[in-house]
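S.K.: Let me begin by handing over the structure; questions about it come next.
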Protein chains: 2
Amino acid sequence: MLFAGTHLIVDLWHASNLDDLQLVEQALRDAASRAGATLLNIDLHHFSPNGGISGVAVLAESHISIHTWPEISYAAVDIFMCGAAQPHKAIEVLKGAFLPGHVTLAEHKRGVIL
Amino acid sequence: MLFAGTHLIVDLWHASNLDDLQLVEQALRDAASRAGATLLNIDLHHFSPNGGISGVAVLAESHISIHTWPEISYAAVDIFMCGAAQPHKAIEVLKGAFLPGHVTLAEHKRGVIL
């Protein structure tokens, strides 16, 4: 099966550190590195001092995004990678950074050519 | 049902203009605007003169991302929005910009609290 990229939809529940901008940035950098991806740019936004953070790491292999809702201890993460990168390896970094009590994962192959 | 955000996974097939950086940027801006979202930043990368483009629009309501593979006339788009934004409206902008022959859509509610 040929496909353009692997897209992991990761939900972190009962998670910590979701309002820590520096930790979110480091997690994105480490997640990209662990997956063997090439980081092109990181864009981070903190919506209020103890509020949610949006972060997007644009990669040569696509992107990793995170949106956090500290008030419900939840973060929505997408890990989208093409080529030789290993997106599943990024999940371990996220678990170490945000210490979720529960993680769900869905995997989509994007751009499948039969 | 309470949920954190709506995530639309949109695949454009038999699409055009996938190597046009200016058009991709305008499509992201128009898609955010049409959905009633607030654009915070756009990051664009063109991997070779006639090659694929990655673009991410970071929104106050989450993000829109696009990754294009002109060689197979395919683009993978994600429209992730929380709050009062109307993510489905962004799809019409994408169809107008990239003239796909075929579109697939999957909708995920992210961060559902029962």
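The values are calculated or read from the model by the stated rules, or taken from the named source; none is laboratory data. The structure presented is a predicted model; accordingly, all values stated were derived computationally and were not measured. Note that each Cβ is placed from the backbone with ideal geometry, even for glycine, and that neighbours are counted across all protein chains shown. Remember, those area values only see protein heavy atoms, side chains included, never the ligands or the DNA or RNA. Shrake-Rupley method; radii C 1.70, N 1.55, O 1.52, S 1.80 Å.
S.K.: What average number of partner chain Cβ atoms lie no more than 10 Å from the Cβ of the residues making up B:3-16? Intermediate values should be presented prior to the final figure.
M.R.: Numbers: counts 1, 10, 3, 0, 4, 0, 5, 0, 5, 1, 2, 0, 0, 0.
Rounded to a whole number, the mean comes out at 2.
S.K.: Okay, moving on. Per residue, how large is the accessible surface of the protein assembly as shown? Use a 1.4 angstrom probe and give square angstrom.
M.R.: Values: 9660 Å² over 228 residues.
For the protein assembly as shown, the solvent-accessible area averages 42 Å² per residue.
S.K.: Considering only B:PHE98, B:PHE47, B:PHE80, give the residue with the highest GNM mean-square fluctuation for chain B, with springs between Cα atoms whenever their separation is below 10 Å.
M.R.: Checking each option, the largest mean-square fluctuation is seen for B:PHE47.
S.K.: Let me know the mean shielding of B:86-95 by other chains, meaning the per-residue number of their Cβ atoms within 10 Å of its Cβ.
M.R.: Numbers: counts 0, 0, 0, 0, 0, 0, 0, 0, 0, 0.
Mean inter-chain Cβ contacts per residue within 10 Å come to 0.
S.K.: How would chain B be classified by its alpha-carbon gyration tensor: rounded, prolate or oblate, with rounded meaning a/c under 1.5 and the a/b versus b/c comparison settling the rest?
M.R.: Working: a/c = 2.10, a/b = 1.64, b/c = 1.28.
Taking the square roots of the gyration eigenvalues as a ≥ b ≥ c, chain B is prolate.
S.K.: Taking the Cα centre of chain A as origin, sum charge times position over the Cβ atoms of Lys and Arg (+1) and Asp and Glu (-1), and report the length of that vector in debye to the nearest 20.
M.R.: Values: 6 positive and 11 negative charges, 76 e Å.
Here chain A has a charge dipole of around 360 debye.
S.K.: State, to one decimal in nm and shortest first, how far the label point of B:PHE3 sits from each corresponding label point in the other identical copies (label point: 7 angstrom along Cα-to-Cβ).
M.R.: Computed spacing set for this position: 2.1 nm.
S.K.: What does the copy distance list look like for A:LEU40, label position 7 Å along Cα→Cβ, in nm and ordered from shortest?
M.R.: The answer, with the shortest distance listed first, is 2.0 nm.
S.K.: While we're looking at this one, here's another question. Could you work out the relative contact order of chain A, using alpha carbon pairs under 8 angstrom and six or more residues apart, expressed as a whole percent? List each step's numbers first, then the result.
M.R.: Details: 273 pairs, mean separation 49.3, N = 114.
For chain A, the relative contact order is 43 percent.
S.K.: Work out from phi, with θ = phi - 60° and the Karplus expression 6.51 cos²θ - 1.76 cosθ + 1.60, the ³J(HN,Hα) of each residue of the stretch B:84-100, listed in order in whole Hz, and give x for Gly and Pro.
M.R.: These are the phi-based 3J(HN,Hα) values: 8, 5, 10, x, 4, 5, 5, 5, 4, 5, 5, 5, x, 7, 10, 6, x Hz.
S.K.: Measure off, as a whole percent, the carbon and sulfur share of the 1.4 Å-probe accessible area of the stretch A:3-101, all protein chains present.
M.R.: Details: 1700 of 3710 Å².
About 46 percent, which is the carbon plus sulfur part of the accessible surface.
S.K.: Once phi is turned into θ = phi - 60°, what whole-Hz ³J(HN,Hα) does the Karplus curve with 6.51, -1.76 and 1.60 give for every residue of the stretch A:105-114, x standing for Gly and Pro?
M.R.: Running phi through 6.51 cos²θ - 1.76 cosθ + 1.60 with θ = phi - 60° gives 9, 10, 10, 10, 8, 9, x, 6, 10, 7 Hz.
S.K.: Which aspartates and glutamates have a Cα less than 20 Å from the Cα of B:LYS89, not counting those fewer than 8 places away in the same chain?
M.R.: Candidates past the 8-residue exclusion: B:ASP11, B:GLU25, B:ASP30, B:GLU61, B:ASP78, B:GLU107.
S.K.: Using a label point 7 angstrom from Cα along Cα-to-C-beta, what distances in nm, from shortest up, separate A:GLN26 from the other copies?
M.R.: 4.4
S.K.: With an 8 Å Cα cut-off and a minimum separation of 6 or more residues, compute the relative contact order for the stretch A:25-76 in percent. Don't skip to the answer; put the middle values down first.
M.R.: Working: 85 pairs, mean separation 14.9, N = 52.
It rounds to 29 percent for the stretch A:25-76.
S.K.: Report the extension gain between B:GLN26 and B:THR104 in nm, rounded to one decimal, defined as 0.36 nm multiplied by the number of residues separating them, less their alpha carbon distance.
M.R.: Numbers: separation 78, 0.36 × 78 = 28.08 nm, distance 2.18 nm.
Extra length available between B:GLN26 and B:THR104 comes to 25.9 nm.
S.K.: Can you give the mean number of other chain Cβ atoms that lie within 10 Å of the Cβ atoms in peptide B:40-53?
M.R.: On the way: counts 4, 6, 1, 8, 2, 5, 0, 2, 0, 0, 0, 0, 3, 0.
Mean shielding by partner chains, rounded to a whole number: 2.
S.K.: If you place +1 on the Cβ of every Lys and Arg and -1 on the Cβ of every Asp and Glu, how big does the dipole about the Cα centre of the protein assembly as shown come out, in debye to the nearest 20? Walk me through the numbers before you get to the answer.
M.R.: Working: 12 positive and 22 negative charges, 63 e Å.
Charge dipole, the protein assembly as shown, about its Cα centre: 300 debye, nearest 20.
S.K.: Toward the positive end of the charge dipole of the protein assembly as shown, about the Cα centre and with charges on Cβ (Lys, Arg +1; Asp, Glu -1), which of A:VAL24, B:ILE9, A:VAL56 goes farthest?
M.R.: B:ILE9
S.K.: Also: Near the amide H of B:LEU59, under 5 Å away, which other amide H atoms are found, from residues 5 or more places off or on another chain, if H is placed in the peptide plane?
M.R.: B:LEU40, B:ILE64
S.K.: Follow-up. Could you give the alpha-carbon Rg of the protein assembly as shown over 2.2 N^0.38 Å, rounded to two decimals? Could you put the intermediate results ahead of the total?
M.R.: Values: Rg = 16.2 Å, N = 228, 2.2 N^0.38 = 17.3 Å.
Against the compact-globule rule of thumb, the ratio is 0.94.
S.K.: Hey, what do the phi angles of the stretch A:10-20 turn into as Karplus ³J(HN,Hα) couplings, whole Hz, using 6.51/-1.76/1.60 and θ = phi - 60°, x for Gly and Pro?
M.R.: Ordered by residue, 3J(HN,Hα) equals 10, 10, 9, 10, 6, 9, 10, 6, 7, 10, 9 Hz.
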